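Chemist: Supplied in structure tokens, the structure appears directly below.
The values are calculated or read from the model by the stated rules, or taken from the named source; none is laboratory data. These figures come from a predicted structure and were not determined experimentally. Quick reminder, even Gly has a Cβ in these numbers, built from the backbone with ideal geometry, and neighbours come from all protein chains shown.
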């Protein structure tokens with residue numbers, strides 16, 4: 001099967017054509033910049049305990065998952081198939097004034113929780 005046509009490297013003003021996002025010259029530069037951004041973000045971010053995910057939250061989330069064992073699948077990706085919920089998710093983040101009350105929690109599987117978190121924070125190109 002033939003390859004798709006090559007496209008210009010995503011690095012500003014680079015004329016190289018590639019099948020990837022960056023040409024081989026700029027791929028390592030992009031990775032180094034991403035790691036530097038991640039280190040800066042982590043340096044100023046509070047610890048999980050400092051963000052409200054302490055021993056109370058661990059007990060509360062386990063209790064919620066016992067009461068609500070199935071993924072609530074807000075995007076409908078499971079197509080009606082029952083899937084085990086493994087993570088308790090805050091509909092309104094604690095940082096935005098949310099609480100750990102039942103009406104602000106939902107039971108999600110790992111993939112649903114990751115997808116919602118990525119969308120919420122603008123990761124992965126899917127924003128809403």
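Chemist: Of (1) surrounded by 12 or more Cβ atoms within 10 Å (Cβ to Cβ); (2) in contact with a strand residue (DSSP E or B) (Cβ under 8 Å, 6 or more places away or on another chain), residue 26 satisfies all except one. Which?
Modeler: (2) is the only condition that residue 26 fails.
Chemist: Could you go through segment 104-118 and let me know if any residue there is touching a helix residue (DSSP H, G or I) at 6+ places or on another chain (Cβ under 7 Å), part of a loop (DSSP other than H, G, I, E, B) and either in contact (Cβ under 8 Å) with a residue 24 or more places away in the chain or over 30 Å from residue 21 (Cα atoms) (or both).
Modeler: no
Chemist: Test each condition in (1) on the phi > 0 side of the Ramachandran plot; (2) within 19 Å of the chain's Cα centre (by Cα) for residue 35 and report the one that comes out false.
Modeler: (1)
Chemist: Sticking with this one: Can we say residue 51 is more than 30 Å from residue 10 (Cα to Cα), in contact (Cβ under 8 Å) with a residue 40 or more places away in the chain, in a loop (DSSP other than H, G, I, E, B) and over 14 Å from the mean Cα position of the chain (by Cα)?
Modeler: So residue 51 passes the test.
Chemist: Here is a follow-up. Conditions first: (1) part of a loop (DSSP other than H, G, I, E, B); (2) in contact with a strand residue (DSSP E or B) (Cβ under 8 Å, 6 or more places away or on another chain); (3) modelled with pLDDT of 90 or more. Residue 88 passes all but one, so which condition is the exception?
Modeler: Single failed check for residue 88: (1).
Chemist: Which one of these is farther than 26 Å from residue 3 by Cβ and modelled with pLDDT under 80: 42, 30?
Modeler: 42
Chemist: On to the next question. For segment 4-22, which residues satisfy the criterion of being within 19 Å of residue 32 (Cα to Cα) and surrounded by 11 or more Cβ atoms within 10 Å (Cβ to Cβ)?
Modeler: 9, 10, 11, 14, 20, 21, 22
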